[in-house]
């Protein structure tokens with residue numbers, strides 16, 4: 001089972017839900033839904049809200065694609081984490097520790 005990421009974006013007069021489901025290592029399915037209260041439908045320019053939200057999602061997707069192309073480049077080298085990314089740093093340390101715990105002498109000598 002593949003992990004699916006879901007998030008909710010709350011606005012004053014509506015909410016948007018977004019679901020990202022991986023289809024493979026380099027492709028995802030993105031589903032966005034705009035939710036309006038019935039009384040807000042008559043007073044809201046829905047087309048403008050959806051157009052703006054779609055534009056933001058497309059711009060985010062485009063920059064993600066640029067980032068992924070850079071990671072596949074032969075010239076890519078791992079960068080340095082910012083101080084605000086301490087949780088990510090702890091996760092990296094955890095993965096390295098778990099990886100080291102499962103290494104066996106026979107696997108190391110095969111290199």
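Take every Cα pair under 8 Å whose residues are at least 6 apart in sequence, average their separation, divide by the length of the chain, and the relative contact order is 12 percent. Here is how the number arises for the chain: DSSP H runs of 4 or more residues each give -39500 (n - 2.57), the sum is divided by the residue count, and the result at 222 nm is -15000 deg cm²/dmol.
Mind checking the angle between helix 46-72 and the chain's longest principal axis? C-alpha axes, 0 to 90 degrees, to the nearest 10. The angle comes out near 10 degrees.
The angle separating the long axis of helix 86-102 from the principal Cα axis of greatest extent in the chain is about 40 degrees.
Starting from the eigenvalues of the Cα gyration tensor, five times each then square-rooted, give me the equivalent ellipsoid semi-axes of segment 1-74, largest first, whole Å. Display every interim value, and only then the final one.
Working: eigenvalues 180, 44, 13 Å².
Semi-axes, largest first: 30, 15, 8 Å.
Using the Cβ-Cβ distance between residue 43 and residue 9 with R0 set to 25 Å, the FRET efficiency works out to roughly 0.80.
For segment 39-89, the average shadow cast by the Cα convex hull is 6.2 nm², which is a quarter of the hull's surface.
Laboratory data are not the source of any read-out in this text; all were calculated from the coordinates shown. Note that the structure is a prediction, hence the values are computed from the model and not measured. Note that we place each Cβ from the backbone using ideal geometry, even for glycine, and neighbour counts take in every protein chain shown.
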